[in-house]
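A quick write-up on the structure given underneath.
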Amino acid sequence: MTRLARLTRAAALSLLISGFACSRAPAPQPWPAGTLVDLSHDYSEQTVFWPTAESFKLEKVADGMTEQGYYYAANNFATSEHGGTHIDAPVHFAKGHQSVDQIPLDRLVGPALVVDVTMQSARQPDYQVTTEDFAQWERANGQIAAGSIVLIRTGYSSRWPDAARYLGTAERGADAVAKLHFPGLHPDAARWLVEKHINAVGLDTASIDYGQSKLFESHRILYERDIPAFENLTNLDRLPARGATIVALPMKIKGGTGAPLRALAVVP
Ligand SMILES: [Zn+2]
């Protein structure tokens with residue numbers, strides 16, 4: 001072997017070694033960068049549903065060893081669309097508008113901001129979030145940008161799953177609806193958010209309109225503009241006022257007016 005050949009071989013070998021070392025380090029960057037926060041309640045017999053909505057049911061189909069010697073488990077489940085942590089599709093209150101499967105994914109993933117009204121809600125169970133609450137948020141944090149996902153934190157999630165405290169009544173059926181007391185979004189504030197061209201709105205109570213609402217105006221104002229709502233969220237206390245990213249993906253029910261929602265936030 002000539003000196004040149006030896007050198008070339010040594011260079012090739014060291015390249016190979018350094019290449020190998022490179023492939024081992026640096027460690028791949030985790031994605032996404034930040035802490036993941038689960039914004040969904042689980043579904044069980046305890047899950048809170050609207051007084052007139054069928055509750056969640058889980059039926060065991062199999063749970064045990066098969067004749068072939070392996071373990072196997074499976075269930076059936078049934079639920080109404082609007083219970084637990086769920087999405088309201090625009091068609092829920094706006095005829096001809098998007099159903100769950102038609103909501104564009106880019107509405108359900110994006111920058112989240114959290115407006116904290118826990119003080120107001122603790123004092124007044126019939127509290128309606130005002131335009132002034134949002135204006136105050138803007139004074140502290142800057143303008144609410146188009147495409148934002150606006151989350152309202154009333155603190156009611158801490159009452160879950162105690163229906164009497166969370167909804168204002170644990171009674172079921174049509175007569176219970178008049179007894180609902182929990183905070184929601186005032187229709188004027190809903191109109192104000194529409195003008196901001198937000199992507200979606202969410203909160204930690206059972207409905208985007210407050211419990212005593214008779215006309216569900218905030219629902220109608222938002223959904224006529226194809227702005228969906230997330231209801232019965234949790235863990236909003238773990239998010240900053242701004243800077244988190246939300247991923248809120250519902251079960252893709254064709255023609256659904258709502259659906260169970262698995263929502264999470266990435267907090268940098
Ligand atoms: Zn709903």
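Things worth noting here:
- Which numbered condition K95 misses (of (1) touching a strand residue (DSSP E or B) at 6+ places or on another chain (Cβ under 8 Å); (2) more than 12 Å from the ligand (Cβ to nearest atom); (3) within 29 Å of H181 (Cα to Cα)): (1)
- Once region 20-74 is narrowed to residues that are of a type in the set (F, W, Y) and more than 22 Å from I208 (Cα to Cα), the residue that is surrounded by the most Cβ atoms within 10 Å (Cβ to Cβ) is Y72.
- Test: residue in region 127-135 that is closer than 21 Å to H197 by Cα, among the charged types (D, E, K, R) and away from the ligand (no atom under 16 Å from the Cβ): yes
- Taking residues in region 184-196 that are more than 23 Å from S157 (Cβ to Cβ), and partners anywhere that are surrounded by 23 or more Cβ atoms within 10 Å (Cβ to Cβ) and of a type in the set (S, T, N, Q), the pairs with Cβ atoms closer than 8 Å and at least 6 places apart or on different chains are P187/S218.
Residues checked against (1) under 30 Å from A33 (Cβ atoms); (2) aromatic (F, W, Y); (3) within 16 Å of the ligand (Cβ to nearest atom); (4) surrounded by fewer than 18 Cβ atoms within 10 Å (Cβ to Cβ):
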| site | (1), (2), (3), (4) |
| --- | --- |
| L180 | no, no, yes, no |
| P183 | no, no, yes, no |
| P187 | no, no, no, no |
| S213 | no, no, yes, no |
| H219 | no, no, yes, no |
| I227 | yes, no, yes, no |
| P240 | yes, no, no, yes |
| A244 | yes, no, no, no |
| K254 | no, no, no, yes |
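- Identity of the residue in region 153-172, under 22 Å from V115 (Cβ atoms) and touching a residue at least 60 places away in the same chain (Cβ under 8 Å), that ends up surrounded by the fewest Cβ atoms within 10 Å (Cβ to Cβ): G155
For (1) farther than 30 Å from Q136 by Cβ; (2) not β-branched (V, I, T), each residue gets a yes or a no:
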| site | (1), (2) |
| --- | --- |
| D42 | yes, yes |
| Q46 | yes, yes |
| H92 | no, yes |
| G96 | yes, yes |
| V100 | yes, no |
| P111 | no, yes |
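- Per-region count, region 8-52, residues under 20 Å from the mean Cα position of the chain (by Cα) and either of a type in the set (K, R) or at pLDDT 85 or above (or both): 16
The values are calculated or read from the model by the stated rules, or taken from the named source; none is laboratory data. Quick caveat, the model's predicted, so the values are computed rather than measured. Counting neighbours? That spans all protein chains shown, and the Cβs are built from the backbone with ideal geometry, glycine included.
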